[in-house]
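The values are calculated or read from the model by the stated rules, or taken from the named source; none is laboratory data. If you're wondering where the values come from, they're calculated on a predicted model, not measured in any experiment. Virtual Cβ from ideal backbone geometry, glycine too; neighbours counted across all protein chains shown. Only protein heavy atoms, including side chains, enter the accessible area calculation; ligands, DNA and RNA are left aside. Shrake-Rupley method; radii C 1.70, N 1.55, O 1.52, S 1.80 Å.
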Amino acid sequence: MRNTLGFFAVAAMVVGPALAFVRVVPGLVGFVPFALGGIVALLVGVTSVVQAVRGRGFTTGGGVALVAGALFVAVAANGHGGPTINDFTTDPDNPPAFRHAGTIPANVDRDLGYPRDFAAIQRGCCADLKPVYLGGDQIAAFARAKLVAESMPAWEVTAVDPAAGAIEAVATTRLFGFHDDIVIRVASDPDGRARIDMRSKSRDGKGDMGTNAARIRTYMAKVASPH
């Protein structure tokens, strides 16, 4: 029984992500069997070790499940410790607003507003998420923000509004194909500089395993870089 269950759990961990990767099923549908398979694999693997210690043998399925379960734990631990929110921004007090994203069919009936209780949570975990200030006028800063957005891997720029200083995009995660909405705002600062803010929001899940914050850090670092 443990042998069969171990192989079944590992198969679920492989098939779910594989179907999501080739976009046969939505990311969340592919993630569910991966997560459930990982939990079952971990339980089977640990049980197999206990049974082996008691002299009842160690099955091949148990061994495979143990390895897969350890991999699942490693993946889960990678995102452990982050807050259970999925919407991050460089300006929690006045986050950039989505406009074009609301017209995307997948976002119909979704609330794209920034939850106010996220602000305090974000400040507690990610105080380093801050706007970038560039010398020169807003037009030049907007051009740079747009150029960097278009160069980002797995991003698709979906809307560009120079008059409003807004750029919107959709980022697609490589494995599961989760879609995250992005908005970048370029505005003039009272000191005469151009201020660039960003917001990244996942469409699925309550947490994001640090994906959105990491995306903001990467983009803002590229915008701020002189090269």
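So, of the residues in the range 1-55 that are among the basic types (Lys, Arg) and in contact with a Gly (Cβ under 9 Å, 6 or more places away or on another chain), which turns out to be farthest from Val75 (Cα to Cα)?
This residue is Arg2.
When residues of the range 73-96 are filtered for being surrounded by 15 or more Cβ atoms within 10 Å (Cβ to Cβ), modelled with pLDDT of 85 or more and of a type outside the set (Val, Ile, Thr), how many remain?
Summing the residues that are surrounded by 15 or more Cβ atoms within 10 Å (Cβ to Cβ), modelled with pLDDT of 85 or more and of a type outside the set (Val, Ile, Thr) in the range 73-96 gives 7.
Against the condition over 19 Å from the mean Cα position of the chain (by Cα) and among the basic types (Lys, Arg), how does Arg54 come out, does it pass?
Yes.
Of the residues Val157, Val186, Val148, which is assigned to a strand (DSSP E or B), touching a residue at least 40 places away in the same chain (Cβ under 8 Å) and in contact with a helix residue (DSSP H, G or I) (Cβ under 6 Å, 6 or more places away or on another chain)?
Selected residue: Val186, the only one of Val157, Val186, Val148 that is assigned to a strand (DSSP E or B), touching a residue at least 40 places away in the same chain (Cβ under 8 Å) and in contact with a helix residue (DSSP H, G or I) (Cβ under 6 Å, 6 or more places away or on another chain).
Are there any pairs, at least 6 apart or on different chains, whose C-beta atoms fall under 9 Å, with the first in the range 123-140 and touching a residue at least 60 places away in the same chain (Cβ under 8 Å) and the second assigned to a loop (DSSP other than H, G, I, E, B) and of a type in the set (Lys, Arg), and if so, which?
Sorted first by the residue in the range 123-140, then by its partner, the pairs are Tyr133/Arg193; Leu134/Arg193.
With Ala65, Ala101 as the choices, which residue is open to solvent by less than 30 Å² (accessible area, probe 1.4 Å), within 27 Å of Gly165 (Cα to Cα), part of a helix (DSSP H, G or I) and not polar (S, T, N, Q)?
From the options Ala65, Ala101, the qualifying one is Ala101.
Just one of Val32, Val15, Val50 is in a helix (DSSP H, G or I), surrounded by fewer than 20 Cβ atoms within 10 Å (Cβ to Cβ) and without any contact (Cβ under 8 Å) to a residue 12 or more places away in the chain; which is it?
Working: Val32 fails: without any contact (Cβ under 8 Å) to a residue 12 or more places away in the chain; Val15 fails: without any contact (Cβ under 8 Å) to a residue 12 or more places away in the chain.
Of the residues listed, the single one that is in a helix (DSSP H, G or I), surrounded by fewer than 20 Cβ atoms within 10 Å (Cβ to Cβ) and without any contact (Cβ under 8 Å) to a residue 12 or more places away in the chain is Val50.
Restricting the first residue to the range 56-76 and requiring it to be of a type in the set (Val, Ile, Thr), which pairs with a second residue that is at pLDDT below 75 and assigned to a helix (DSSP H, G or I) meet a Cβ separation below 6 Å and a spacing of at least six or different chains?
Once the first residue is of a type in the set (Val, Ile, Thr) and sits in the range 56-76, its partners that are at pLDDT below 75 and assigned to a helix (DSSP H, G or I) give Thr59/Arg2; Thr59/Asn3.
From the list Ala143, Ala214, which one is surrounded by fewer than 18 Cβ atoms within 10 Å (Cβ to Cβ), within 19 Å of the chain's Cα centre (by Cα) and not polar (S, T, N, Q)?
Answer to the check: Ala214.
Residue check, Arg23 against (1) open to solvent by less than 60 Å² (accessible area, probe 1.4 Å); (2) not acidic (Asp, Glu); (3) not in a helix (DSSP H, G or I), all met but one. Which one?
Of everything listed in (1) open to solvent by less than 60 Å² (accessible area, probe 1.4 Å); (2) not acidic (Asp, Glu); (3) not in a helix (DSSP H, G or I), Arg23 misses just condition (1).
Being farther than 23 Å from Ala224 by Cβ and open to solvent by 40 Å² or more (accessible area, probe 1.4 Å) narrows it down to one residue among Arg203, Arg195, Arg174, Arg185; which is it?
Arg174
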